[in-house]
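Take a look at the structure below.
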Amino acid sequence: MGKIVRRLMLDDIYAIGRNESWFSDMARKGLHLKKIGRLFVYFEKGEPKETKYRIDYLKEAPSQEQLDVYYDCGWNFIAKNGYFYVFSADEKSCITELHTDPVERGFALSELNQRLRNNLIILSIAMVVFLGIMISVYYFNDEPFLFMIKGQFVQQMFIVIVELYVFYSVIRNYRVVRKLKQSLLQGAEIDHNQDYRKARLLGGIWAGVFLPMALFTIIIPVVDIARSNDYTLPEGNINLPIIRLAEIEKSPNLRRETGYHDNVDRENRVSFDWSLLAPVQYEIDEHGVVNGEMWGDNSGVYSPSITTRYYMLTFGSMAENLTLDLINRYVWRDNSEVKEVNHRSFDKLYMVEDGIRKQIFAYLDNQVVHVTYYGEERIEDIIPPLAQKMNEVIP
Amino acid sequence: MSYSGNPMTEAMYYILLALMNPNHGYQLMAAIEQVSNGRIKMGPGTLYGVLTRLQKDNLIEILSDDGRRKTYAITEEGRAALKADYERLKDMIQDGRILEG
């Protein structure tokens with residue numbers, strides 16, 4: 001047995017004439033068709049030979065008797081792919097053609113044509129539902145940019161593109177079969193020497209674009225899961241773009257308030273996440289308590305806290321919209337005034353105060369930060385150190 | 001697509017004609033060549049394509065199947081259809097008489 005060589009199946013099996021022509025050309029180069037897989041076509045290396053190939057559509061698997069009759073007529077069964085069976089014969093032998101009546105063949109393909117049409121209808125409905133869901137997820141979302149960055153936007157878009165491509169292939173195959181059926185019913189024979197190069201080249205380009213994309217959609221969530229990480233915020237110095245509670249609170253009696261769960265202090269936690277649009281995402285909580293000191297309204301022991309959300313974006317142009325989405329999400333009361341503060345260290349900075357709940361929303365280039373502080377100190381005081389931290393990040 | 005009395009294809013006509021005598025695959029091809037006086041050499045793909053379709057339309061049936069070889073025969077329905085098409089062809093020949101010398 002000769003060496004097995006494989007080639008990508010870049011054309012549709014439905015393009016009968018083109019594939020027959022390709023197999024014949026391969027045989028002329030000494031590569032004889034052996035097997036047709038999902039992705040690859042396998043050839044066996046041997047002597048160059050003039051061979052003719054015929055692809056037959058057989059709804060019912062042929063019986064041994066049927067294959068014997070084909071064989072006795074000079075046609076060898078070589079390979080199959082779904083309902084398509086490939087037969088070959090020596091080019092020089094003067095045997096009867098496999099099919100001698102195009103109209104009868106047209107009848108057989110009518111059944112396939114019908115089946116493909118039903119598939120197409122079902123798939124069209126599924127596509128409408130699928131695209132509807134995809135569009136509504138973003139269209140009816142109050143914070144589409146936040147959703148895009150936190151979610152799997154890029155991956156979802158890839159899935160949409162890949163789905164559209166699959167849809168296009170189904171339409172293309174349906175049209176190929178319909179055209180073939182029509183021409184057969186009109187008595188025209190299939191051209192067994194049709195040019196296949198252009199179709200294979202085009203198929204190769206499509207495959208080159210969509211296979212990596214399909215692969216990507218599988219890899220992205222894996223990377224996301226592998227990179228996201230939760231851990232307890234260390235008490236000492238850390239190299240994170242955040243303001244520590246100790247930097248705001250003046251009392252030397254400030255102590256950490258903890259709440260362990262699954263070995264992570266939920267009250268003082270660093271939560272890292274990754275996405276293609278925002279490869280660095282932090283959500284960092286810190287809770288403290290000052291024993292011996294009470295809240296201004298005497299509601300209990302003074303226990304300030306700070307939460308920082310930090311995003312480093314792939315595209316700086318999304319920073320403004322993300323900031324606005326964060327304001328929309330985290331400013332709860334409609335009567336809270338969102339004050340824009342001019343600060344030379346930020347592209348934009350907003351401050352919102354609602355009693356003891358004080359927030360800053362700001363962005364600088366591709367960095368977006370949102371600080372929520374519960375406490376009695378002035379929020380303005382954290383702007384300069386925050387500006388310093390964010391400027392340090394920029395190389 | 002079930003048979004609804006449309007003009008038959010040549011392949012269909014001759015297969016039905018040849019099956020007036022029950023027969024099996026390979027010999028059927030020889031029989032067709034014979035009844036058509038050597039005019040028709042039918043390809044095996046066409047033969048089995050038509051046999052599958054005729055069987056589905058109940059124009060032929062499998063008389064016996066020993067697992068190795070199937071013997072086909074025309075049904076009453078098939079006979080009637082063949083007869084009808086024969087009459088149609090005869091009319092066509094009649095109508096074509098003006099072409100004769």
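With K and R counted +1 and D and E -1, the other residues having a Cβ less than 11 Å from that of A:Tyr83 yield a net charge of 0. Maximal additional length on extending the A:Arg227-A:Lys45 stretch stands at 60.8 nm, based on 0.36 nm per residue less the C-alpha distance. Across all Cα pairs in segment A:65-193, the calculated P(r) in 5 Å bins from zero up to the longest distance comes to 2, 8, 12, 14, 13, 11, 9, 7, 7, 6, 5, 4, 2, 1, 0 percent per bin. In this structure, the residue pairs whose Cα-Cα separation is over 29 Å, taken from A:Lys59/B:Lys41; A:Lys29/B:Lys41; A:Lys179/B:Lys90; A:Lys80/B:Lys83, are A:Lys29/B:Lys41; A:Lys179/B:Lys90; A:Lys80/B:Lys83. Taking other Cβ atoms within 10 Å as a rough exposure proxy, A:Cys94, A:Cys73 sort from fewest to most as A:Cys94, A:Cys73. Put a plus charge on the Cβ of each Lys and Arg, a minus charge on the Cβ of each Asp and Glu, and nothing anywhere else: the dipole of the protein assembly as shown about its Cα centre is then about 2200 debye. Electrostatic bookkeeping for B:Glu76 treats Lys and Arg as +1 and Asp and Glu as -1; over the other residues with beta carbon under 11 Å from its beta carbon, the sum is 0.
Sites listed here are GluC sites (Glu not before Pro) in segment B:52-101 whose DSSP assignment is loop and whose Cβ has at most 14 other Cβ atoms within 10 Å: B:Glu100.
Largest mean-square fluctuation among A:Gly236, A:Gly187, A:Gly288, in a Gaussian network model of chain A whose springs join Cα atoms under 10 Å apart, belongs to A:Gly236. With contacts taken as Cα pairs under 8 Å at a separation of at least 6 residues, chain A carries a relative contact order of 12 percent.
Selection among A:Ser124, A:Ile13, A:Ile242 by position relative to the dipole of chain A gives A:Ile13 as farthest towards the positive end (Cβ unit charges, Cα centre). Seen against the Cα atoms of chain B and their longest principal axis, helix B:25-35 is set at about 20 degrees.
Modelled this way, with points 7 Å down the Cα-to-C-beta line, the labels at A:Arg7 and B:Ile62 are 3.8 nm from one another.
Only DSSP H runs of four or more residues enter the estimate; each adds -39500 (n - 2.57), and after division by the residues of the protein assembly as shown the mean residue ellipticity at 222 nm equals -14000 deg cm²/dmol. Comparing A:Ile238, A:Ile55, A:Ile218 in a Gaussian network model of chain A where C-alpha atoms under 10 Å apart are linked, the largest mean-square fluctuation is found at A:Ile238. Between the C-alpha center of segment B:61-94 and that of segment A:165-230 there is a gap of 43 Å.
Rounded to the nearest 20 debye, the dipole size of segment A:220-347 about its Cα centre is 180 debye, using +1 on the Cβ of Lys and Arg and -1 on the Cβ of Asp and Glu. The loop-placed trypsin sites (Lys or Arg not before Pro) in chain B, going by DSSP, that have at most 12 neighbouring Cβ atoms within 10 Å of their Cβ come out as B:Arg39, B:Arg68. Computed on segment A:102-219, with alpha-carbon pairs under 8 angstrom and 6+ residues apart, the relative contact order is 50 percent. When chain A is treated as a Gaussian network with alpha carbon springs shorter than 10 Å, the biggest mean-square fluctuation among A:Asp285, A:Asp347, A:Asp334 belongs to A:Asp334.
Here the Karplus curve 6.51 cos²θ - 1.76 cosθ + 1.60, taken at θ = phi - 60°, turns the phi angles of segment A:96-111 into couplings of 5, 4, 5, 10, 10, 9, x, 5, 4, 5, x, 4, 4, 6, 4, 5 Hz, with x standing for Gly and Pro.
Each reported figure results from applying straightforward, stated rules to the coordinates on display, with no laboratory input. None of the values given here were measured: they were computed from a predicted structure. Heads up, the Cβs are rebuilt from the backbone with ideal geometry, glycines too, and the neighbour counts pull from every protein chain shown.
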